[in-house]
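S.K.: I'd like to ask you about the structure that follows.
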Amino acid sequence: MRIATAALFAATAVAAAPVGAADLDAASHIDAVTVYPDGAMVTRLAEVTLPQGATTLLIKGLPAVLDPASLRVEATADGTLAIGAVETRMVPGDAKPAVDAGLEARIAALRDESDKIAARIDALEAKRNSVIHYGEADPGKLSGGKSVDPSLWKSAWDAVGDALLQVNEDLRVGRARKAELAGEIAVLERARPLAPRPGAPKHDVAIAVEAGGTLKASLTLVYRVSQAAWTPRYDAKLDTGTKDRKPSLELTRRAEISQRTGEDWQDAKLAVSTVRTLGGTAAPEVTTLIVSINDPNLYGALYGKGAAERDATVLRKAPASAMAPAPVGAPASVAAETREEAKPVLASLDAGAFQASFAVLGRVSVPRDGSAKTFALSSATIAPDLIARVAPALDQTAYLDVAFVQNEEAPLLPGEVTVQRDGIFVGKGHFPLVAPGDKATLGAGSDDRIRVSRAPLRQQDNEPSWIGTTRSQVTEFKTSVKNLHDAPIRVTVTDRIPVSDSNQVTVEALAANTPATEKVVADKRGVSAWSFDLAPSQQKDIRFGWRLKWPVDRDILMHPEVK
């Protein structure tokens, strides 16, 4: 029978270890990791055999980024076991930190082979010089002063030539192999993981326990580490459909995980959670905000002259926002063989009322060097609405938008979206935070089958008469949109009229303007939208213009509103 013992102690010395308690090193391994957007919770297991009496268990080599206040220890045993103090100790790290032994062995073997080839190349160079020297030498010196029979000259020439050919070929092969090895070594060195800093500190955990007899115990350590995070990523595959088939969107949610905690997560159960562990746990307290007449004398008498001058400067220069407290944070057939597209292994979702977590199936490994690993979390096929959006004042190109209601249990977190349209990569977009039940939109690239043109109809300046005091200007455009698809499509055209921030400048919409479907878009002043359905080959014209009036002795300037 195993008896469960739990010690929910923060990692500080709660009580001193019993006098005479023996130290016992306990080997441990990472069993599970839950990754948050701003950290991770690591679960580490250790199996130990304990003698009767008091013992101090030492679990060594935990990362320096461990948060001691988050450390919790639990244990189960086949006998009576009590847990006392749980203490963390900062200790020096290894002088020679462990690296990827297999990779280092491969690099060493390649360097050894390269050195051998370099030595052979040196020998071949010396041999080549000797052959050349022999070919250039005086025949009389080579034959002891005797004349050489001319009939033997050809044999000598052939011997020298053949030797040079062989040496040059051996040199070519050796140099080529040496260059190839240099390239392989460079590639492996670039792939070498970032080694920890020699002597970088680590944490050791000391756990005081007392056993009623010799027993076997299983310890579970749970602690939070920084320098780990996950980022939402999405794949969106849009099938625009045809006149006989409705469009569909396959949306795959992914998690990109990376960590530099100082320890590898080897063969661990992995989960990602939407909870932010570094955020505040409660809303900030709102205190009274007082405004009064600035009296430097009174202010200086109460708080000191320096404080009065400093705070008065802040009051004059700080914007209103600075005065408020900051908030806390397709199947293909090949020779009669049917091939099916591989499907990703998806995570299981646990959605609560306030957060969601995804458990990655199986066990996975994440290295300590910051390399990003991506896992598929969920996939859904959605029936979206397709809308062609046009902003002719800025770009006379129609862009296809995908709109759908987010019906998954977990929200879509802000993240990058890789977009494919009908099997073609069209670019990358971005999702904002989209809660379940909210509507999401995603750009799907330009639509060349929507023809857009914007032409000026009027640009008329009216000068004042000799007694007039006001100038005016009339501007009018016509935007034409034509559907070249073989199916109807919804189109939204967005345009803007100037907005005055001065009572000396007035802006009037023209009476001939085409009535807008939405007079104010997303609370943006002066921005209007026209939405309509276009049948195949149908064209829609929109007239839009304004009249400006301002004093004759003043100039005006137009510029986009700064957010």
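S.K.: Condition test on ARG245, is it loosely packed, with under 15 Cβ neighbours inside 10 Å and either aromatic (Phe, Trp, Tyr) or touching a helix residue (DSSP H, G or I) at 6+ places or on another chain (Cβ under 9 Å) (or both)?
M.R.: No: the conditions fail for ARG245.
S.K.: With the requirement that a residue be more than 25 Å from LYS482 (Cα to Cα), of a type outside the set (Val, Ile, Thr) and not in a loop (DSSP other than H, G, I, E, B), what does the stretch 382-412 give you?
M.R.: Correct list: LEU412 only.
S.K.: Hey, VAL390 hits all of (1) modelled with pLDDT under 90; (2) outside the structural domain of TYR234 (by TED's automatic domain parsing) but one; which does it fall short on?
M.R.: In the conditions (1) modelled with pLDDT under 90; (2) outside the structural domain of TYR234 (by TED's automatic domain parsing), VAL390 misses (1) alone.
S.K.: Further question on the same structure: Within the stretch 250-279, how many residues are closer than 20 Å to PRO432 by Cα and either at pLDDT 90 or above or touching a Phe, Trp or Tyr at 6+ places or on another chain (Cβ under 9 Å) (or both)?
M.R.: 13
S.K.: Look at VAL499 and say whether it is within 20 Å of ILE556 (Cβ to Cβ), of a type in the set (A, V, I, L, M) and under 45 Å from the mean Cα position of the chain (by Cα).
M.R.: yes
The values are calculated or read from the model by the stated rules, or taken from the named source; none is laboratory data. Keep in mind that what you see is a predicted model, and the values were worked out from it rather than measured. Heads up, the Cβs are rebuilt from the backbone with ideal geometry, glycines too, and the neighbour counts pull from every protein chain shown.
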